[in-house]
Amino acid sequence: MSTPLLEISDLSLAYGDVQVLFGISLEVREGEIVTLLGSNGAGKTTTLRAISGLRPARGGDIRYRGSSLLGIPASKRAELGIALVPEGRELWPQLTVRENLELGAYTKSARARSGENIEKIYGLFPRLRERRTQYAGSLSGGEQQMCAIGRAMMSEPKLLMLDEPSLGLAPILVDQMFGIVRTLHGSGITVLLVEQNLQKALELAQRGYVIETGHVKLQGSAKDLLADPAIRQAYLGL
């Protein structure tokens, strides 16, 4: 069994006086695709933001390669190899595609290879090469998602976290997006995925965790979760 790349132990987190996570524990092993499942407001996005350093933990621990991330700022976590593609993409709309990609290469090692890495991104997303001089705000939803993933890849991540990558995309683009995630995983990147399309997520991932109101309610192999009658009824309408 591969070693844990990421371990979350008894993580609690609040927005002001409103507690959102209540002692969540999970792990992501090197080379896995793990998916976080649950309804809107369950705490999935908050978990990703805590891992990336955008929200401070109230309690518990987040360990990456065996060392605690608590107290380490988001910029340093990026240097360690943790990248987040946020829900809604959060591109700079008045900058070009290429400029948005270049902003992803903010670590020293990534800056040294930014030209080489941009070519890799263009190889993965030929449409971005075609659109490289266009403003990001003028792109279609699918193109913006490609740009957001490409920007994250520019930091040369070991752990890539994707928050609702298929949100707002046409069905044909959803299939394409999951194919891209599969390709990235095949290149050696570990993936932590939050995704509204549970069927697709569980077909792609090796393991999953079901989060409800800030608690982990279920966990297991993707195959077992996909076959679970309670999940099929609650989330897949089957």
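Every number in this text was worked out from the coordinates using simple rules, so none of it is lab data. The shown structure was predicted, so the numbers you read here are calculated from the model rather than taken from an experiment. Reconstructed Cβ throughout: ideal geometry from the backbone, glycine too, with neighbour counts over all protein chains shown.
What the table shows:
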{"quantity": "Computed label-point distance, nm, for sites L95 and I172 using a 7 Å Cα→Cβ extension", "calculated": "3.1"}
{"quantity": "Percent antiparallel among DSSP beta bridges (both partners in the chain, rounded to 5)", "calculated": "60"}
{"quantity": "Reciprocal mean inverse distance between Cα atoms of the range 85-156 - Kirkwood radius, Å", "calculated": "11.6"}
{"quantity": "Within the range 35-50, backbone nitrogen closer than 18 Å to the virtual label 7 Å beyond the Cα of K217 toward Cβ", "calculated": "35-47"}
{"quantity": "Local net charge near V18, Cβ-Cβ under 13 Å (Lys/Arg +1, Asp/Glu -1)", "calculated": "+1"}
{"quantity": "Label of the coordinate-derived value, Cα extents along the principal axes in Å, listed as [x] 56, 35, 31; [y] 47, 42, 39; [z] 57, 39, 32", "calculated": "[y]"}
{"quantity": "Centre separation in Å (Cα based) which lies between the range 145-161 and the range 69-139", "calculated": "6"}
{"quantity": "Estimated inter-spin distance, S138 and D10, nm [label 7 Å along Cα→Cβ]", "calculated": "5.5"}
